[in-house]
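Before any comments, here is the structure.
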Amino acid sequence: MSALLSISDLHLGFKGLSGINNVLHGISLNIAQGERVALVGESGSGKSVTARIVLGLLQETRSARISGAVKFDGNDISAMNPKARAALRGTDMSMIFQDPTSSLNPAFTIGRQFTEVLRRRDPSMGADACQERATKMLGEVSILDPNRVLNAYAFQLSGGMNQRVMIAMALANRPKLLLADEPGTALDVSVQAQTLTLMRNLVADHGTAVLFISHNLGVVREFADRVYVIYRGNIVEDGPTQALFSDPRHAYTRALMSAVPRITGAGLPEVPEVSEDFFAPQISHGGVA
Amino acid sequence: MSPVLRLLLRRLGISLIVLIGVSMLIFTIARVIPGDPARIALGPNATPEQVANLRAEMHLDEPLVLQYGHFLADVSRGDLGTSLYTNRPVTLDIAQFLPATLELVLIAGIIMVALGLPLGILAARYRGRWPDHLIRIFSLLTVSAPSFVWAVILMLLFAFYLPIFPIAGRISDIYDIDRHTGFLLIDTLLAGNIAAFGDAIRHLILPAVALALSGIGQAARLTRANMVETYDKPYIEMAQAYGFFPSRIARIYAFKPSLIPSLTIIGLDFAAMLGNAFLVEAVFAWPGLSRYGVAVILRKDLNAIMGTVLIIALTFLIVNVIVDLLIAFLNPRIRHSTRAT
């Protein structure tokens, strides 16, 4: 099986007033066709910027210094011009964000936004065809009254409803890769779990590969085939979800796992902010496509 | 009842109250300031009997409240009284002078919106880069001087040193156009006289630009500020993540949510042009309501003062109601709310 996305030795720095501030120190990551891969780490570890480099958004930031290869579907994204990168977004790649309600434009109806998204793939698509396709997609995310939703604005719908709309939009153009940046973190836990199950089933049906970015190990365990653990811009451990969860070997991975709150037990353990052990070399459990 | 209809009725009700308040205020002020209108109207050679007769005819010897009652009764019949200055009904005078002012203000308003908003969009789209810097300098410059200063500067530059545009007036004397509406741009077209239409436009450009200039700067600054804030919102990143062109994101996804807060201020600017127009009209010898207004105030021509102020207040209120409706139309939160706003 060939890799859909392959990142090798990716470095990222931001030019600031006092020289370059390095954020990613040569990370490597692979995702096979249809594979669900999680990138786990704490805030500021470099998860979100990785997704934005894959999308080609960060390349347009003037202060960003990026090196290394990002290959998507056989083409090197870092070698493309901005137009070619933009052509991939919304068609072969799409993204789901943290807060669904504020990620939908408040000035346009859901239907209008859906139409615009569909026309990214096929600009000649007529209004009726768009409506029909949007209705079908909303049906796939178990929205029972698609017409009401299409005529509504995001502020008229619940967070969970908006999250379903986001998932439907993201998958509407049959992307090969879906980037999910802490999806539903802004929602309450039960709604988040519901929508994640929905998303998991849908991407499995469509054969869409997912790069799932999260700090929530419980969610990752449910969702991902394989996990990369990122710490301070370095991948410290990777492997199939089952192997990694049953035998976490890197000190940081173990610290991260012991930081998951449990209903029973004596509350959160003391986890060191920074430990020498966290800088140990990468541990791989294999299983890379 | 739909929220928009309710909003409209509310605004109209408030406007009526404001209008009555304005009329009371001006009615009192005009009568309290020193000088006897009857004496001024009749001139120094009139006998005391003549003056007393005129005072009685104008109800000036009655209590203020009764005078106001007479005034209200007349206004409700559409009668604003006779001007002592022109000796014609005030309604006729206003019908003659108001269209010139409205034409000037409307064109200036269109220029303000048509240039100010795109400049603001452009500045926000290229924020921090040279188009942004240029536009910000231009905006700062235009809002830094009042419109009559720009009127003088533009007149000197483009009518005197470089005689591209006519120096004053609404239309050249060689054209004799039938006045149907009083709006020359419409009347010339009704007459089918294209040359006269072009001439009227050439006369309009300098005063309208002078009047619009500070509004352009204001609208551009406001639009830029609101859009820069909008650019930080997650839905803009989402639009970028879906690969929409940056120009499309600026024009549609970032502009529309940003327009709503700008619109109120732009509406107020537009209405404020009515006041600024007085000075611009004076510079360009524009035969609008301003010269009439100044002349009647100096002569203490009570009926004409009341009429002029009421008409301007009314126009101001109408513009505000239109802006409120426009906002309600653009802002789905108002359009779909069940509460009154």
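Considering only alpha-carbon pairs that sit under 8 angstrom and 6 or more positions apart, the relative contact order computed for chain A is 24 percent.
Here the stretch B:3-76 has 70 percent of its accessible surface on carbon and sulfur atoms, given a 1.4 Å probe and all protein chains in place.
Tell me the total accessible area that A and B bury against each other, 1.4 angstrom probe, in square angstrom rounded to 100. If you can, show how the numbers build up before the last one.
Working: alone 13590 and 18380 Å², together 29670 Å².
Result for this pair: about 2300 Å² buried.
By accessible area, using a 1.4 Å probe on protein heavy atoms only, chain A has 51% of its surface on carbon and sulfur.
What FRET efficiency do you get for residue A:9 and residue B:77 if R0 is 56 Å and r is their Cβ-Cβ distance, rounded to the nearest 0.05? Result of the calculation: an efficiency of 0.05. Contact order for the stretch B:90-331, expressed relative to its length and based on alpha carbon pairs under 8 Å spaced 6+ residues apart, stands at 31 percent.
The distance separating the Cα centre of the stretch B:84-123 from that of the stretch A:10-29 comes to 57 Å.
In this structure, the amide hydrogen of residue B:80, modeled 1.01 Å from its nitrogen in the peptide plane, lies closer than 5 angstrom to those of B:90, B:91, counting only residues at least 5 positions away or on a different chain. A DSSP coil position with no more than 11 other Cβ atoms inside 10 Å describes the following trypsin sites (Lys or Arg not before Pro) in the stretch A:1-83: A:62.
Calculate for the protein assembly as shown the 222 nm mean residue ellipticity that helices alone would give, adding -39,500 (n - 2.57) per DSSP H run of length 4 or more and normalising by residue count, nearest 500 deg cm²/dmol. Calculated from helices alone, the mean residue ellipticity at 222 nm is -17500 deg cm²/dmol. Heavy-atom accessible surface of chain B, averaged per residue, reaches 50 Å², computed with a 1.4 Å probe. Stretched out straight at 0.36 nm per residue, the stretch from residue A:112 to residue A:18 would grow longer than its current Cα-Cα span by 29.4 nm.
If you rank B:130, B:150, B:286 by how much accessible surface each has, with a 1.4 Å probe, what is the order from largest down?
The ordering from most to least exposed comes out as B:130, B:150, B:286.
Which residues' amide hydrogens lie under 5 Å from the amide hydrogen of residue A:179, considering only partners 5 or more residues apart or on another chain, with H built in the peptide plane? Excluding prolines and chain starts, which carry no amide H, the hits are A:94, A:95, A:96, A:211. Exposure here means at most 11 other Cβ atoms within 10 Å; with GluC sites (Glu not before Pro) in a DSSP loop as sites, the longest stretch of chain A lacking them is A:1-269. The Cα center of the stretch B:247-274 and the Cα center of the stretch B:278-341 differ in position by 20 Å. Phi angles of the stretch A:26-33 translate, via the Karplus equation with coefficients 6.51, -1.76, 1.60 and θ = phi - 60°, into HN-Hα couplings of x, 9, 10, 7, 10, 10, 7, 3 Hz per residue; Gly and Pro are given as x.
Work out how much length residue B:61 to residue B:157 would gain on full extension: take 0.36 nm times their residue separation and subtract the Cα-Cα distance, in nm to one decimal.
Values: separation 96, 0.36 × 96 = 34.56 nm, distance 5.33 nm.
Fully extending the segment from residue B:61 to residue B:157 adds 29.2 nm.
For chain A, a Gaussian network of Cα nodes joined below 10 Å ranks A:19, A:46, A:207 by mean-square fluctuation, and the top entry is A:19. Round to a whole angstrom and tell me the spacing of the C-alpha centers of the stretch B:170-193 and the stretch A:205-260. Going from one Cα centre to the other spans 78 Å.
Across the stretch B:214-300, Cα pairs under 8 Å and at least six residues apart give a relative contact order of 27 percent. The modelled label-to-label distance between residue B:19 and residue B:335, using points 7 Å beyond Cα along the C-beta direction, is 2.8 nm. For chain B, the membrane-span-like helix rule (DSSP H, alpha carbon extent of at least 15 Å along the helix axis, mean Kyte-Doolittle at least -1.0) picks out B:3-32, B:64-76, B:90-125, B:130-143, B:194-230, B:255-283, B:302-330; this says nothing about an actual membrane.
Magnitude of the charge dipole for the stretch B:1-98, about its Cα centre and with charges confined to Cβ atoms of Lys, Arg (+1) and Asp, Glu (-1), is about 580 debye.
The values are calculated or read from the model by the stated rules, or taken from the named source; none is laboratory data. As the structure is a prediction and not an experimental result, all values here were calculated from the model. Every residue, glycine as well, gets a Cβ built from its backbone with ideal geometry; the counts of neighbours run over all protein chains shown. Surface areas here come from the heavy atoms of the whole protein model, side chains and all, with no ligands, DNA or RNA. Shrake-Rupley method; radii C 1.70, N 1.55, O 1.52, S 1.80 Å.
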